[in-house]
Structure formats: C-alpha cells, structure tokens
Amino acid sequence: MHHAFRTVVGVAASGIVWSPARAADVYVDTHAAPNGNGTSSAPYDTLEEGLAHSGLESDDIIHVAQGTYVPSGNVFELSALDIKIQGGYPTGF
C-alpha cells in the first residue's frame with residue numbers, strides 16, 4: 001500500500017491532471033456540400049445528419065447556420081440526451 005501511495009503522489013507531482021472531456025461541437029449548414037463530416041470546415045448539410053452524429057453525447061452542441069431545414073419525414077427526431085442546438089450563424093461558419 002505504501003508503494004502505491006508514492007506512485008500516486010509521483011504522478012500528481014509530475015503535473016498529470018485528469019479533466020473531464022470537453023463537449024463536442026457539430027456543425028450544420030443547409031448550404032454546405034453533401035457528405036460533410038460535421039466540422040466547421042465541412043458541416044453536415046441536413047439537421048438530421050447533425051442529430052444523428054456518431055458519438056453525440058450530453059452537453060454536445062449542434063451549431064446550425066441560417067437557413068430552412070425540412071425533415072425527410074414529418075418531424076426531427078431528438079434523442080433523450082442533454083444536447084444544445086444553437087442557431088442563427090451565417091452560412092459558411
């Protein structure tokens with residue numbers, strides 16, 4: 001036990017600090033080229049793609065550029081996650 005304590009202290013003394021992961025940013029722009037990857041330089045071109053983004057977790061943010069977004073069905077399906085959708089950004093981010 002004493003040896004394990006010294007190891008932990010040594011790690012702490014070396015400056016290694018754990019911090020929680022930062023929320024992911026996903027970008028959507030109806031004027032973007034098809035087949036984007038959700039980054040600001042290659043946003044998704046549909047809100048449905050942004051909502052279906054692989055690995056979307058609580059506290060992630062979907063940034064939506066100005067435009068009209070129409071679902072392929074009757075509604076946009078939202079998961080139960082605590083995600084944020086922010087809009088009003090100019091096209092092209």
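Quick look at the numbers
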quantity	calculated
Sole residue being within 10 Å of the chain's Cα centre (by Cα) and assigned to a loop (DSSP other than H, G, I, E, B), chosen from Gly38, Gly50, Gly92	Gly38
Some residue of the range 39-55 being at pLDDT 95 or above, of a type in the set (A, V, I, L, M, F, W, C) and on the phi < 0 side of the Ramachandran plot	yes
Matching residues, the range 53-79, being free of Cβ contacts under 8 Å to residues at least 24 places away in the same chain and within 15 Å of the chain's Cα centre (by Cα)	Ser54
Search result, residues across the range 21-39 that are of a type outside the set (Val, Ile, Thr), surrounded by 14 or more Cβ atoms within 10 Å (Cβ to Cβ) and over 13 Å from Lys84 (Cα atoms)	Asp29, Ala32, Gly36, Gly38
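The values are calculated or read from the model by the stated rules, or taken from the named source; none is laboratory data. Bear in mind the structure is a predicted one, so any value in this text is a computation, not a measurement. FYI the Cβ positions are ideal-geometry reconstructions off the backbone, even for glycines, and counts take in every protein chain you see.
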